[in-house]
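This report refers to the structure that appears directly beneath it.
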Amino acid sequence: MNPVILAQRIESLEKKAEQGAPELKAELESLRAIAQGISNKNIPVEDLNRISAPSFEAVLEELLDRKEVELVLELTRLKLDKEKRKLLNKARHRLKSRGVEIPEEVAGQKVTFPSRILKEWAMASPVMLLTGEQLLYYFASGTMGTNFLISHLHPEQGIVEAKIFHLNESQARKIVSNFKVGKEIKISAVEIPREHFLQRVEGAKGKSGNSQPRTEVASFLEKFQIRGSEAKDSEPPVFKLVDREKVESNPALIHKTDLLLEHLFFSTWAFDPETLTDCRRELDQARHSPIQLSEGQIRGRMQAIFEKHTEIGLSKNQERIKSSLLENAYLLALTGETELAEAALKLTLSLEDKNLSRDFFKKILLRSFPETEKVLGKKSDGIIIPGR
């Protein structure tokens, strides 16, 4: 009887699962991941530990059939249960009989299997002004398996949440591309350098009061021996991609900031809930004033309300706004949208001058109150409401 190789084992488990053995589905998923890993010369260790001995034997037969001697030797360095170790020893003897030299392990000596990354990438979602939060993603595939990290960062609370998934690359990218804010706004992330990912995470770790997500991230980085450089840049990374002097000396850039309002990176931007609540209350009072006002007077009062709460919102959130603008400008520069990156930087550098920055943020505030368009009128006052 010929040994069962991997494809046959997968087919056999599929039939059994269809015939009423749902408990086999998890093993099936692991076997499929291992089959893919063999093709990529990268067997996921976690999946090896999840499969049964007969399935592990099928994996060994597949490796021997393909003459994947190096992968078999790598398996000998892993910590496996007694039954799988026995099957692996048989495979080792078969290789020896073919003339393959296999070093013997020294009794009592712990053989380490250093992690090695074969493929990796990092991504970041744009920062959202509403909370100043951002999602960072890190995918790593190597000799320690395939892992996908999602870390949720908050400007004051640090790492709010961290999740690690054992997914292949296509599944990881699908999660990133399908991320939505609310129920409608889809925001895809931008691929970023590893160093920027590490700097963002390190900065957030120092603020984290919740130890669990901080530990999750640290464990992930340690497992794959991911370390950033010791030196920290004093200047935001966007200035490596965009000429600061050019931005500072070009006054026309401030007039291009309206383009940011319609960009996906700024589609979720809004002021903090407290500012929105106070603004809404005063707008309602203006609409339902016991004193009879003309349409022009109501419009004037509403304009004054927006002016007031824009200034309040800017004052309360200025540091958060500044860091958010710098991060989104960097992501824009990475995607080649240099003009928008320059506009975002001009806005950042103009925050101290409320006359320059107020108009942009008044429009940000206004779009949280689309019903006011009926009173203010889109064309008459020149206020832009994105999406209209």
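Values quoted throughout were computed directly from the atomic coordinates according to the rules given, and no laboratory measurement underlies them. These numbers come from a predicted model, not from an experiment. Here the Cβ is made from the backbone with ideal geometry for all residues, glycine too, and neighbour counts use every protein chain on show.
Within 10 Å, at most 14 other Cβ atoms, and a DSSP state outside H, G, I, E, B define an exposed site. Report the longest part of the chain free of exposed GluC sites (Glu not before Pro). It would help to have the intermediate numbers written out before the result.
On the way: sites that count: Glu101, Glu104, Glu105, Glu156, Glu184, Glu230, Glu262, Glu352.
Here the longest segment lacking exposed loop sites spans 1-100.
Using all C-alpha to C-alpha distances in the chain, build P(r) with 10 Å bins and read off the rounded percent in each one.
Binned Cα distances yield the sequence 4, 18, 22, 18, 14, 11, 8, 4, 1, 0, 0.
Percent relative contact order of the chain, based on C-alpha pairs within less than 8 angstrom and at least six residues apart? It would help to have the intermediate numbers written out before the result.
Details: 482 pairs, mean separation 49.8, N = 388.
Taking the mean separation of contacting Cα pairs over the length of the chain, I get 13 percent.
Say we join alpha carbon atoms closer than 10 Å with springs in a Gaussian network model of the chain; which of Ser324, Ser368, Ser12 then has the biggest fluctuation?
Ser12
So what are the radius of gyration and Dmax for the Cα set of the stretch 6-97, in Å?
Rg and Dmax of the stretch 6-97, Cα atoms, are 12.9, 42 Å.
Kindly provide the helix-only [θ] at 222 nm of the chain, computed as the sum of -39,500 (n - 2.57) over DSSP H runs of four or more divided by all residues, to the nearest 500 deg cm²/dmol? Show your work: numbers first, answer last.
Details: 17 runs with 201 residues, N = 388.
So the helix-based figure for the chain works out to -16000 deg cm²/dmol.
Let me make sure I get this right: for the stretch 117-231, a, b and c are the square roots of the gyration tensor eigenvalues over alpha carbons, sorted descending. Under 1.5 in a/c it's rounded, otherwise prolate if a/b > b/c, else oblate. Which is it?
Because a/c hits 1.5 or more and a/b fails to exceed b/c, the stretch 117-231 counts as oblate.
Order by neighbour count: Lys79, Lys183, fewest other Cβ atoms within 10 Å first, most last. Show your work: numbers first, answer last.
Numbers: Lys79 10, Lys183 5.
Going from sparsest to densest Cβ surroundings: Lys183, Lys79.
Given Cα pairs under 8 Å that are at least 6 residues apart, what percent is the relative contact order of the stretch 6-97? If you can, show how the numbers build up before the last one.
Details: 61 pairs, mean separation 21.8, N = 92.
That works out to 24 percent.
Which residue fluctuates the most in the chain, going by a Gaussian network model with Cα springs under 10 Å, if the choices are Leu60, Leu95, Leu347?
The residue that fluctuates most here is Leu95.
Cut-off is 10 Å between beta-carbons; in what order do Trp269, Trp121 appear when sorted fewest neighbours first? It would help to have the intermediate numbers written out before the result.
On the way: Trp269 24, Trp121 18.
Fewest to most other Cβ atoms nearby, the residues stand as Trp121, Trp269.
Calculate the radius of gyration of the Cα atoms of the stretch 238-381 to one decimal place, then report Dmax, the largest Cα-Cα distance, as a whole number, both in Å.
Taking only Cα atoms of the stretch 238-381, I get Rg and Dmax of 16.7, 57 Å.
Classify the stretch 140-188 as rounded, prolate or oblate from the Cα gyration tensor: take a ≥ b ≥ c as the square roots of its eigenvalues, call it rounded if a/c is under 1.5, otherwise prolate when a/b beats b/c and oblate if not. Can you show the working numbers first?
On the way: a/c = 3.43, a/b = 1.30, b/c = 2.64.
Verdict is oblate for the stretch 140-188.
Quick one: compute the contact order of the stretch 238-381, relative version, from alpha carbon pairs under 8 angstrom and 6+ residues apart, as a percent.
Numbers: 114 pairs, mean separation 54.4, N = 144.
Contact order relative to length: 38 percent.
Compute the separation of the alpha-carbon centres of the stretch 111-190 and the stretch 6-76 and state it in Å as a whole number.
27 Å
What angle, in degrees between 0 and 90 and rounded to the nearest 10, separates the Cα long axis of helix 211-223 from the longest principal axis of the Cα atoms of the chain?
50 degrees
Expressed as an acute angle from 0 to 90° and rounded to the nearest 10, what is the orientation of the C-alpha long axis of helix 295-334 relative to the principal long axis of the chain?
30 degrees
Using the number of other C-beta atoms within 10 angstrom as an exposure proxy, rank Thr335, Thr348, Thr146 with the fewest first. Intermediate values should be presented prior to the final figure.
Numbers: Thr335 13, Thr348 20, Thr146 27.
In increasing order of surrounding Cβ atoms, one gets Thr335, Thr348, Thr146.
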